[in-house]
Structure formats: C-alpha cells, structure tokens
Amino acid sequence: MFEARLLNGSLWKKIIESIKDVVEDANWECSGSGISLQGMDSSHVALVSLHLKSDAFDPYRCDRNISLGLSSTNLSKILKCSSNDDSVIIRTSEASDNVSFIFESSNSEKVSQFDLKLMNIDSEHLGIPDMEYDSIVKMPSNEFQRICRDLSLLGESVQIACTKDGVQFTSSGSIGSGKISLRPNITAENLDDTVNIELNEAVLLTFALRYLNFFTKATSLAPRVILSFKTEHPLVVEYQIQDIGYLKFYLAPKIEDDDTKQTTTPD
Amino acid sequence: MSFVSIKSFFKPLAALDPPQPSASPDKVPVMESPSLELGASPILSGNVCKRSKELSADLPLLRGRKRKVRARLLESDSEEDIPDNTTDNVVDRKLARVRPEHKPDSKLLEAKFDNFRSPDTNKSMVASPISASVISSPKITPGLNGTFDKFEENSLKRLKISGTTVIPVTPTSPLIERELMDTCEQDIAIESPVPKTKCNPISKNTHTPEAKNSSPSISHPHIVSKSNYYPDQRDYHPVDSACWETKTPIPYLALARTFQAVESNSSRLRIQSILCNYLRSVLALSSPQELICSVYLTLNRLGPAWRGEELGVGEGVLIRALVQATGRSQKAIKDELYKVGDIGLVAESSRCTQRMMFKPSALTVEAVFSKLQEIARFTGCSSQQKKVEKISALLVACRDTETRYLIRGLSGKLRIRLQEQTVLTSLAHAVCLHEMERSGKCAKGEELKEKMDTAVQTLKSVYCELPDYERVIPALLEQGLEALPKFCCLTPGIPLKPMLAQPTKGLSEIFKRVDQAAISCEYKYDGERAQIHVIAPGKVRIFSRNQEDMTDKFPDVIDRLPRHLGNNVASCVLDSEVVARDTEKNQKLPFQVLTTRKRKGVSLEEIKVQVCVYAFDLLYLNGESLVHESFRRRSKIMRNSFKPVDGEFVFSEQKITSCTEDIQAFFEGSLKDQCEGLMIKTLDHNATYEISKRSFNWLKLKKDYLDGTGDTLDLVVVGAYQGTGKRTGNYGGFLLACYDPDSEEYQVICKTGTGFSDAQLEAQYNILKQHVIPIPKPYYSLGTCPAPDVWFDSNYVWEVKAADFSLSPIYPAAAGLADRERGISLRFPRFIRVREDKTPEDATTSEQIAHMYRSQQSVSGIITSTTGEDYY
C-alpha cells in the first residue's frame, strides 16, 4: 500500500511540467523517506533528479518500497484535470497495475479520481557522487530563465564563464551574438534578488540552450536557482522546492568543435 | 545499479574510428588548430609510435622558436630586467619533455600537465608579455579554449596576443588527454574512455578494464572481445568465433561488423559466406526470433511487404536526430552530407560535440529491430518529433560502425549490395551446415556442394510461394530443410512474387528465345498488376506487384468478384491486370488515369475511375497450388472456373499461334485496343509459375521496344539534381526543356536520369558544372515542376528517347497546344547522346511535341476532342 497526500496539489503540476520535456518515461521511486525520480532524456545529455521528502505529504504511507513507471506526458494530462487549490492523493497497492490520482477540492465538495496504468520501464539508477564544484552561482530563478530564453534567440549553445568578477553568458549564431554579464550583488534589498558567486576556480563551459530552456520551466517552483559548475563536469541546475525537497537537473557540457566555430562566425 | 563515478558520465558519442584515422582529422577539433605545430595532430590521428616520431620530428622547429624567443628578449630593452629564464625554462622544459622518444605519450602528457597548474609559472608569465605570447595561442582546441580563456582572464589579464605561435606544451587539457587515451585505448582494444584520474581528484575509478567500462549494465568478462567480431575470418567457427554466447542477446555490433565485411567485399560468393557465417552463429546460439530479426535487418525490412509497414523516416528526421544526438549544427551536417552523399557515413564520422551523462548499454539485434518497428508505428500528431527522439536514443547508444548501418537502414538504403537472393542463399547454406553439424554428419567436396545447392533451391522455391520469413524461418528450424515444402506452401492471403516478363526487341528475338515451343500471345494491358486472393468465400484480398496490400483501393472489384467466381470456387489466387476504363465510350484508359484513383479508404460511391479486371493466370484453386502446372493447364482451369462479365471481369485476349503474320497482326490489334503490346508465354515447356527457377519466364513485346517506334527528341538541359548513392558527387538527374519559338521560351518537359554510363555521367558533370547559373533564366518556363538543385545556362542539346507522351499538370511544355491547360511530358525518357550539331534553338519545338502527342493518341484510337480547335 502506498498513499501520499499533498495539500498543495498545484505543486505536482509544476513539477511534472518542468520535467516532462526532459524525461519521457520514468520510474517514481517511493520509499519511506519520500518520493524520488531520476531519469535521462533520450540522448543521455540531461539528467533529472527529484526528491520530495515524506514530510511534505500528509498522510504519507509507504509499506514497502515501490516503483511507479509512468509516462510524463500522461501524468501531465491527468494532473491538468486538477484545480490549483485541490489536494492530490496518490494511491496504489503492490498488486495493482494502476495508480490512482485523487483530487479533492479545498471545500471537500468535489472529489475526482483518475487511474493511470503503470508501465514497465527499465532504467538504471545512477549514483550521483557529491563533489566539490569549482564555482557555485546562486541567482534569482526568473533571471536565469530570462537569460536562457534571450540567448536562445541568437544561438544554440551558451558559453558560461564564471570568474571572480561575475558570471558571463555568451551566445552567438548566424544573426549575431549576445553577452549577458551578472556581477555579484549581495546588497540587494530583497534577499531573493541577490546574485552570489562562490568561486574556487574560474570555469568556462558550453551548454546546449535547448536543455537549459527545458530546465527553466521549473522556475515557478523556486525563487532561487543554484548553478554549480565544474570544468569537464555536468552543470547542476538546482531548484529547492520550499523545504520539502529539491529538483536538480544535470547537463553534460558541449565540446566545441569546428561546427560551432563555423556557426559563431557570422555569414 | 551502482554508479562508479561521475567521470563515466562522459563518453564521446563517436570515438575515433580506428580503421580510418585519416578520414576524420578535420572533425577532430584539436587537429584543426594551425597553432599546434607540435604533436597535436598526430596525437589524434595515429598510434603511439607515430606520435612520438612526429613529436621528435618537430624538435628542430622548437629549437628554432626558442632561439627566436631569446633573440626577441634581447632586443627588447624594456624586458631586460625580466628574468628571461622564464621563457627559457618553459621552452627547455618543453624540449626536455619532448626529447625522450621512448616515453609513452600518455606519460609525456602527464608530465606536461603541471605546466599551467604551477602558480609560479603563471605569475612569471604575467610579467612577460613575450613569454605569454609564446605559450598562449588563439584557439587551440575548443576544449582547450576554455582552459585558455580562463587563464587569460585570471592570470594573464587578457594580454593581447597576435598571430600564431608555437605552443608545444599546452596545459594538458583534459580533452587532449582523453583523446590521447582514446587512441591508446584503441591500440589495445578496450572500449570506452579511460577515466582521467589526473584531473579528477575525486574519481574512484581504477584503471582496470571493468572499471573503464562506462556502461554498468554490461560487465561480461569477454567485453573486450565484443568489438572483435570477424565474420569474414577463415576457419570461422559458429560458436567460438561469435562474440556473444548462447542465451545472451546478439549484439547489434556483430551484425554491423557483418555488414561492414559484406560492404568491403565485392565477390558474391565471399559475401554469401560472410553472411552465412554470421547466420550460423545465430542458428547455433540464438533464438528463432533473433534469426528473423537478423534477416529482416539484413534486408532492411520491417516485415513482409503486404503488411505495409514503413519507417516513414525522411532525411530531415535523420538530420534532426543527428543534431540532437551529437549536438552538431544542422548546417554543418547538411554541408557534410552534400559533400559525402551518404548520411550513414556522415553520422559515423560525426564527432559528438555534446557530452553524455551516461553511456547507454550496447544495442542488441532484437532491440534495434523492435525500436525500428516502434518508429514505424508512430503516426499522427508530433510523430516526427517522437521519431527523432527514438532515433537519437538509438544513435547515442551506437558504437563503432553501428551508427553507419543504423542510419543507412533508417534512411531506407543499406547499400551493401546485399540482394534478397544472396540472403536466401546464405540462410540456406547456414541451415544446411547447421543441420549437418547437429546430426554429426559431414560431407565434403562435391557432396557438400550438392547438398548446399539443393538447400538453396528448396528454400528459394518455398520462399517464392510463401514470402514471409515469420512463417518460413520457424518452420525451417523446427521441421528442417527437407520437410520445409510440406509445411510452407502457397497460402491464399499471402501474396507470392509475381512472374515477370523480359523485354524483347522484335518477333525474331521471340522465336529465337522460345525455340519452337508452343506459345501463347496475350494482350499486355496498360494497367496495374493485381494478385487477387480469395481466401474463403467473401474474404478477398488484392496485392500489388510488390506484394503490397491494395485491397482498400479496389472495393468495386471485390464487390463484383463473387459474381465472377464459378460455382465450385471456394478459394483461389488469380494473377491479373486492373485497367481503368471509360464506361461510356467502352474503351480502356491509360495507366495514368488509374493512378488518379484514391489509394486508401475508397468507398464504392465515390469511385470516379471505373476499372476492369483482365485475368490471365490462376495459381491456386480450392486448396491446391497450381504453380507447378504448365501454363496451358493453368489457363484452361482459369477459363473454366470463372465467369467473365464484359467491362468488369474478363480474361485477357489470347491467341495461340506460332505464325509470324498472325502474331504481327495480333500485336497491331493490341495497340489499336489501347494495350501496350503483347505478352508471349510458353504453353508447355518451361511453363510453370516457379519464380525461383526462372523469374522471367515470359517475354513482352512493347511498342516502344520495337526499333524505330519510340520517338527521339532533342532537348535542352536546363537544370540538374544532385546525385545520391552511387552518383554522389555527380548530377543524378537532369531537367530537360523543349523550345517554343513563338514565345522564345524553353519549356521544361521532363526529368531524366537513365541511359547514362558512369563515365558519361561524370563527363556531363564536368562539362555542365561550368554553366551553372544561380537562378533560372527568365525565359525558362518552369510550370510547377520540382526545382532542380542547380540551373544551367541553355547550352547543350541532348537526344532523348521516350516511350510515350502524356499530359502533365506540372510540366509546361506545349501547354495549350494539346490540352487547354496541361502541358506534355515524356514517359520513360532516356538519354541517347549529346547533339553537338544542334544549338538550343534547334531543339524540338513545342509544336512538334504537340504533334507527336496527337499522333500517338490517334494510333491508340483515342480522339482527343478537347484539343483547342479554336486555338489555332
């Protein structure tokens, strides 16, 4: 038996919308500690790691670890049937090949139940080691979204340079190029608006904007985004979901080659 | 699944291909750099020895540079107080590192590694712009680039650096190191990259081969041998030489290696034996299902033709998938495709510019086949995007040559010169050898050859009657070769290959061929071949010449069919031609009219083009296969078992004669009756419907094959299409135009791509490419024909022979002359020669073409009343 009720049902919607472009089918691992998900996109370039603590749910009951194979597209369809202030109960039993989503309106007047068939998805669970990053940038999540969106008008990839002076996003393509620099500011009035840079070593890495634009769909989940860089390593884009969990995206860097050079030189 | 370290997240998609190191240099970023004069390119291109040689070869150059540096330092007054040992040291150290030839390169690079890491060096370099110019160089490698910019920004404070300078020792970028490791690795045949312990302090990887394997899902001990599969080796042993074990899935790589071996051999016998070797291993180690998958992948098919499964993957989808999987830009891939012409090779040589989080597990034959079927099943909204996703998921899992064949397969052409007949032969050989091995018998020399030949004959004839591997292969494995014909025979509902006809040039040739045997002449109708299967009363299917299911196209035929069946016919297979007809005038209409019928979902009410079935052969009747019977008997049974109805279902016009005059008259009669000519069939001798013995038992006599009947025209070359496949690099097809002196226009009339020898094609390419113009001349009348890839100035006139003239909605030639709106085009135009004696203005005129069209129509008895008399 597994049951988890989340009062703020719209959170589910936001989470699914943020990951569904990256991970098509994934196993939702439910255990005593909470619900987590890990999955990669079909090209194995990006990885999503989500964890929601059991405290987030009330009640939360998980008799035995269970893995729910679900298609993100279908999940998104089902969750669109819920209203934003509904509470969402996820329920399944070990023997069942269905998982039920029960939406209860805030005044308990309307209850809707949708059953989704479970899928068999073979996926390997990857251990992601903790590591020390060369530089960690903490910034307003909407600012990051804006930067990725703006730069994707110009090119397919963004070069991110972190130095002690700030962080610089550069992109170029056939129509021209763009460069956005952010300086660390710790003095902003609102704590959420600050840009913090922890720098152990300067880094310069290139990433595909396509994926970053997928990731920034999670902007509504958290006011802040944490970008962790390490040379030759995947970028981590992390959104803290209140104090109940996190959503992390990993993105493998691009290797620049002749092609990108060609495209960066204007025709 | 535990994960070793994040290090193994990274694996370049396409590691350098060991067999063709020279083919990829321009794709290797490091090699591109003009500034890396020392050791850079060899690092990637060759093996260890080659590299060390090159390194040492560059030594004099280095020394020269060192002298120069010194000289410059001395000249510069302002720099005098700077200890010039900085640069000297750097250069000296470089020399020291380069010198020892015996050192393995990896160590060498490791030794270099500390160069930029040392903060002292950095600082001292900041102090000296000259030394900075020595070590830093613009854009060494993209990977390096990052490292460099970093240093420029942090330490060098963005010193202006001009020109390229020697930088023999670069801060060992992890990229270089990895590349190096890759090449080393290939020398010792280990897969997957060696983890970079040096630059990854947290790596927990050890340098054991198991740990190097980035894909945790495969940890078979024989992993190293996985990439070593040689189906073309001598003394091939189906079990020992295979790179997989019994009950484990066949790696797709084994099949890819087989394809590769097949592709690199031109002898058919050799190809047969290579494929046979692979199939023997499959027989010995794997399941029947895997054998079916292997055969389908080899034939690049998804299933039997009548199921009509199609991948529906165009070049656009493949390019998008490649973009997604490799991170290269679409433009770069297209440019390369234009040059190389084969998307498989482009994919194979595409180095990944996008790293991966994690290398997917190796592809298996079964998985690839089922993925292809999934791709074929995607339909409707956003199916293209889904296909791109699936393909790119397959692509990232590809290793080695797998990419080439996977992509080629997806693009529809495997292009390894593997015909179905060869596959059948190899399969028969493999089964034959496998059976002997299992029963412990052994045969040698003549006996073996005879056995194998019988096996081939049996399998081929069974396959011709029942072209469905999903039925033949399981039966073959369960019942054995000998008993196979008993279990697999002609079954209504499964289309068999049709008997084809060989073209002949004239009656004399026909008599030479049939040699006194009794013959039957039949009208050759200008329609569509249709194999009508009555599976049970009321259950009918119709198949095309290519075994495609056309049942939905002819509901009218099916509706009427019960009326034509004789009382005793419960099931049958009829061979026939479906011809469009004008019910009012009671005459046949040409093939083009038939093609205007809807292909799918035709309902009885909305049929505009009426058809008539001309039955000419019967292959199966009431549970009995007739393919082994003579044509005389089949024809007789057919004519006794069906009830013809005029204009709906009739037997083909037949004349049994051997008199030349009779045949000539019959031939002319056929033309008058809007037929294409005659089919000549022997009645008793060699007269069975056994395709496996002779697929061209029949002869055809068509009017355009007869000497002098086809019309030749002189047309102007105005455009060309880029060639693909064999014609890559040349033009593959040409756009031709006639001349209209009234409007002084060149009116496009047809495309042609036949009639050329390879040499002619190349010669034409070399001549015509000098006349390419960026946009068509304003006096080219183009209609709505597809634009060619290049346009030519009107310079050359070619003589072209065509079978027929037809009205065309897209070509503007002679528009308004024969038909109010439509122009005239040619059917089956083929190149004869270049008319050097003619100028473009001397080309065939529109008026002449209209005349030819009209005279053709009058021959066939169709009076085109719609021609605009009021027009002239």
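Here are a few things to note about the model shown:
- Qualifying residue in the range A:74-81 (condition: in contact with a Lys or Arg (Cβ under 8 Å, 6 or more places away or on another chain), within 13 Å of another protein chain (Cβ to nearest Cβ) and at pLDDT 90 or above): no
- Residue match in the range B:379-390 (condition: buried (at least 19 other Cβ atoms within 10 Å of the Cβ), within 14 Å of chain A (Cβ to nearest Cβ), under 26 Å from A:PRO234 (Cβ atoms) and of a type in the set (A, V, I, L, M)): yes
- Lone unmet requirement of (1) surrounded by fewer than 21 Cβ atoms within 10 Å (Cβ to Cβ); (2) assigned to a strand (DSSP E or B) for A:ASN107: (2)
- Test: residue in the range B:823-833 that is touching a residue at least 12 places away in the same chain (Cβ under 8 Å), part of a loop (DSSP other than H, G, I, E, B) and either surrounded by fewer than 22 Cβ atoms within 10 Å (Cβ to Cβ) or out of contact with any Gly (no Cβ under 7 Å at 6 or more places or on another chain) (or both): yes
- Only one of the numbered conditions (1) at pLDDT 90 or above; (2) more than 14 Å from chain B (Cβ to nearest Cβ); (3) crowded, with 22+ Cβ neighbours inside 10 Å is violated by A:TYR60, and that is (3).
- Selected residue (only one of B:GLN272, B:GLN289, B:GLN260 is assigned to a helix (DSSP H, G or I) and surrounded by fewer than 20 Cβ atoms within 10 Å (Cβ to Cβ)): B:GLN289
- Restricting attention to the range B:689-711, the residues being at pLDDT 80 or above and surrounded by fewer than 18 Cβ atoms within 10 Å (Cβ to Cβ) number 1.
- On the stretch given as the range B:326-341, residues that are assigned to a helix (DSSP H, G or I) and modelled with pLDDT of 80 or more total 9.
- Residues that are more than 30 Å from B:GLN289 (Cβ to Cβ), of a type in the set (D, E, K, R) and more than 11 Å from chain A (Cβ to nearest Cβ) were ranked within the range B:335-369; the one that is surrounded by the fewest Cβ atoms within 10 Å (Cβ to Cβ) is B:LYS339.
- Residue satisfying all of: in the range A:217-233; within 14 Å of another protein chain (Cβ to nearest Cβ) and not acidic (Asp, Glu); surrounded by the most Cβ atoms within 10 Å (Cβ to Cβ) among these: A:PHE229
Residue-by-condition table, conditions (1) modelled with pLDDT of 90 or more; (2) assigned to a strand (DSSP E or B); (3) more than 32 Å from the chain's Cα centre (by Cα); (4) among the β-branched types (Val, Ile, Thr):
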site: B:CYS785; (1), (2), (3), (4): no, no, no, no
site: B:PRO788; (1), (2), (3), (4): no, no, no, no
site: B:ASN795; (1), (2), (3), (4): no, no, yes, no
site: B:PHE805; (1), (2), (3), (4): no, yes, no, no
site: B:ALA815; (1), (2), (3), (4): no, no, yes, no
site: B:ALA818; (1), (2), (3), (4): no, no, yes, no
site: B:GLU821; (1), (2), (3), (4): no, no, yes, no
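- Complete set of residues in the range B:725-766 that are closer than 23 Å to B:ASP342 by Cβ, touching a strand residue (DSSP E or B) at 6+ places or on another chain (Cβ under 6 Å) and hydroxyl-bearing (Ser, Thr, Tyr): B:TYR731, B:THR754, B:TYR765
- Residues that are out of contact with any helix residue (DSSP H, G or I) (no Cβ under 7 Å at 6 or more places or on another chain) and touching a residue at least 60 places away in the same chain (Cβ under 8 Å), drawn from the range A:135-154: A:SER135, A:ILE136, A:VAL137, A:LYS138, A:MET139
- Checking B:TYR620 against (1) among the hydroxyl-bearing types (Ser, Thr, Tyr); (2) more than 30 Å from B:ILE810 (Cβ to Cβ); (3) surrounded by fewer than 21 Cβ atoms within 10 Å (Cβ to Cβ), the condition it does not meet: (3)
- None of A:SER171, A:SER123, A:SER96, A:SER152 is more than 20 Å from A:GLU198 (Cα to Cα), more than 10 Å from chain B (Cβ to nearest Cβ) and surrounded by fewer than 18 Cβ atoms within 10 Å (Cβ to Cβ) except A:SER96.
- The set of residues from the range B:740-750 being at pLDDT below 90 and in a strand (DSSP E or B) comprises B:ASP740, B:GLU745.
- Identification of strands (runs of 3 or more DSSP E) wholly contained in the range B:510-588 with 3 or more residues that are surrounded by fewer than 18 Cβ atoms within 10 Å (Cβ to Cβ) and modelled with pLDDT of 90 or more yields no element.
- The listed residues are B:ARG270, B:ARG257, B:ARG234, and the only one of them that is out of contact with any Pro (no Cβ under 7 Å at 6 or more places or on another chain), of a type outside the set (Gly, Ala, Ser) and at pLDDT 85 or above turns out to be B:ARG270.
- From the options A:SER106, A:SER87, residue that is farther than 18 Å from A:LEU204 by Cα, polar (S, T, N, Q) and modelled with pLDDT under 90: A:SER106
- Qualifying residue in the range B:441-450 (condition: in a helix (DSSP H, G or I) and closer than 17 Å to B:GLN479 by Cβ): no
The values are calculated or read from the model by the stated rules, or taken from the named source; none is laboratory data. On a predicted model such as this, the values are computed, not experimentally measured, just so you know. When we count neighbours, we look across all protein chains shown, and the Cβ atoms used for this are built from the backbone with ideal geometry, even at glycine.
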